[in-house]
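Peer 1: Mind having a look at this structure? Questions to follow.
What follows draws every value from the coordinates through simple rules; no lab data is involved. Bear in mind the structure is a predicted one, so any value in this text is a computation, not a measurement. Cβ atoms come from the backbone with ideal geometry, glycine included; neighbour counts cover every protein chain shown.
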Ligand SMILES: C[S@@+](CC[C@H](N)C(=O)[O-])C[C@H]1O[C@@H](n2cnc3c(N)ncnc32)[C@H](O)[C@@H]1O
């Protein structure tokens, strides 16, 4: 894709580095292609913009043209958010990131605009700062993880979202597994747990929160959440130096975990537990996530 095309799909020319496929310069792209059997499906499409320092947050262009209260009111009256969210989902389908009706439906139903803090453009395919040195992951990463996990998010199944942040993916999981299933978020920043619950209350997943099949807990996600184990699906939203053993233990036979692993160079690993309990692991793609770490280290800036 040429540079100009990024504008047509609502992409900024700059991106925050965390919670996205690694938008590498050409040299690293060559290394990536040599190291990985599967080509990244949309490096050069959705991610075709230069890597910039992780601390750089792209300015919201709307901030310079109007105040955010007005924009929120405008969104409320015009249902503009729902339409913009639908357009984002269509773009992700167009570029082959969303491949199933099921993932498209859940991402259309859960409006990303309700999870991105004011002052950030919610429908741009980029991670956004949410405070506490954390980010909401980019839409293409949410879509990628939902696609990888969708067979393990059938009605009645159990799903764990480690590092649940804004609660966006936990809400998606809850809608997919339904009221007979269980979607559990674990996040170690209490303020993010509180705001994620408030976010989810504004979505169609709110009844599941009320009746208890969706819950979000303050805790160290490296330990999982044993109360509702074993899990058919485990998603980890932050990069671990290695796969935490408690998460492997809490994965059900037949279950799948998706977890970024690494420090500077990270891979999105797909961990399958076979019915006999043996584990197989493959790398889906190179990524860049915030670390799965202690709360103190995160608040200190890692
Ligand atoms: C990239 S953010 C992703 C959040 C979420 N997937 C989203 O899109 O909103 C990673 C999250 O993991 C959390 N985190 C990091 N280490 C953790 C730990 N040990 N236990 C629980 N949460 C952790 C961070 O606070 C942050 O909210």
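Peer 1: For residue 201 and residue 101, what is the calculated FRET efficiency with R₀ set at 25 Å and r taken between the beta-carbons, to the nearest 0.05?
Peer 2: The computed FRET efficiency comes out at 0.40.
Peer 1: Fewest to most neighbouring Cβ within 10 Å: what's the order for 217, 94, 142?
Peer 2: By the 10 Å Cβ count, ascending, the order reads 94, 217, 142.
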